[in-house]
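The values are calculated or read from the model by the stated rules, or taken from the named source; none is laboratory data. The structure displayed is predicted, hence computed values, not measured ones. Cβ sites come from the backbone with ideal geometry, for glycine too, and all protein chains shown count toward neighbours. Each accessible area value is taken on the protein alone, full model and side chains, heavy atoms only, with ligands, DNA and RNA left out. Shrake-Rupley method; radii C 1.70, N 1.55, O 1.52, S 1.80 Å.
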Amino acid sequence: MSRFDRRQFLQLAGFGGAVWVSGLSAEVCAADAPKATGYDDFYFVQLSDTHWGFEGPPNPDARGTLPKAVAAVNAIPQSPDFIIFTGDLTHTTDDPKERRKRMGEFRDIVSELKVKPVRFIPGEHDASLDNGKAFKEFFGPTNYTFEHKGVHFIVLDNVSDPSARLGDEQLAWLADDLKMQPQDARIVVFAHRPLFDLYPQWDWATRDGAKAVELLMPHPNVTVFYGHIHQEHHQMTGHIAHHSAKSLIFPLPVAGSQPKRTPLPWDPAQPYRGLGFREIEAEPRKAEYVITEVPVQRA
């Protein structure tokens, strides 16, 4: 199935969300574009901030939204190459036993996804109270790399440290990894928090994120996907594009638009408004990513 056919399916199914193209600037002429060879186009799905275990008025269907998203991903005719959850898989709890119970329930629900592999990174709700111990028991390392069809993927952990830092050890690991990549490598970074200072007053930042961005800056083909802020947001730091994903539990307000970072109220007339996931079409030859936002639908 072609990309057009898949987009047409999303529209016919009522999923037709916004499309964003991330990659080379329009000002770059064809003669200056990377002369890449041997790359295959592919697409993957990003889901984020499911907060399994949350209960409250901001989402009266808190136990139904994640299964609805799993069913929606399974219904797309052409399967993605992989799926990634970018943090806050579960809602925070001080009880270690309850934390593991929620992680087990989350793991069982997403095991219904037809596509494998499914990859995970932690959010602060999963990892900050125990430095990622429970997360690692269920889902493995909190930072790692993998390769797929000519793209080098880097997963960063900016949540296990409760001070919202990557830390010197992880930054050294990132530096060593980048030294092994050619300068024009196609690089995608996944993180939970933004690596730049979006709105530190609401914890929408990584305290040493600028150091990671500085390490990435010499590479001209870098794109970052993250979660945490429960809304779609796009920002550039130099030539690096950063794209946040919507949540699957409740939307949060635009940074600074209200005094406190409280969830937007549930609207019975428009249930699931502001909730969704995204599919990302990777075109490595052009170092470009086409992002399609997919809203959560009624069952």
How many residues are outside any helix (DSSP H, G or I), polar (S, T, N, Q) and under 24 Å from Ala127 (Cα atoms) if we restrict to the stretch 161-185? 1
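Tell me which residues, restricted to the stretch 121-137, are surrounded by 17 or more Cβ atoms within 10 Å (Cβ to Cβ) and over 25 Å from Lys179 (Cα atoms). Working first, answer last.
Narrowing the stretch 121-137 to residues surrounded by 17 or more Cβ atoms within 10 Å (Cβ to Cβ): 121-129, 132, 134-135.
Passing the criteria: Pro122, Gly123, Glu124, His125, Asp126, Ala127, Ser128, Leu129, Gly132, Ala134, Phe135.
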In a strand (DSSP E or B) and within 30 Å of Pro67 (Cβ to Cβ): which single residue out of His234, His230 fits that description? His234
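Which residue is farthest from the chain's Cα centre (by Cα), if the candidates are limited to the stretch 232-248 and must be surrounded by fewer than 24 Cβ atoms within 10 Å (Cβ to Cβ) and under 20 Å from Val73 (Cβ atoms)?
Initially, the stretch 232-248 is screened for residues surrounded by fewer than 24 Cβ atoms within 10 Å (Cβ to Cβ), giving 232-243.
From what's left, under 20 Å from Val73 (Cβ atoms): 232, 243.
Values: Glu232: 10, His243: 8 Å.
Ranking the qualifying residues of the stretch 232-248, first place goes to Glu232.
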How about the stretch 60-160: which helices (runs of 4 or more DSSP H) wholly inside it have at least 3 residues that are under 17 Å from the mean Cα position of the chain (by Cα)? 65-75, 124-127
Looking at the stretch 73-100, which of its residues are open to solvent by 10 Å² or more (accessible area, probe 1.4 Å), among the small types (Gly, Ala, Ser) and modelled with pLDDT of 95 or more? none
Does Pro194 qualify as being assigned to a loop (DSSP other than H, G, I, E, B) and free of Cβ contacts under 8 Å to residues at least 12 places away in the same chain? no
Assuming Lys116 fulfils every condition listed in (1) at pLDDT below 95; (2) among the charged types (D, E, K, R); (3) under 21 Å from His233 (Cα atoms) apart from one, which condition is it? (3)
(1) of a type outside the set (Lys, Arg); (2) in a loop (DSSP other than H, G, I, E, B); (3) in contact with a Lys or Arg (Cβ under 8 Å, 6 or more places away or on another chain) all hold for Ala255 apart from (3)
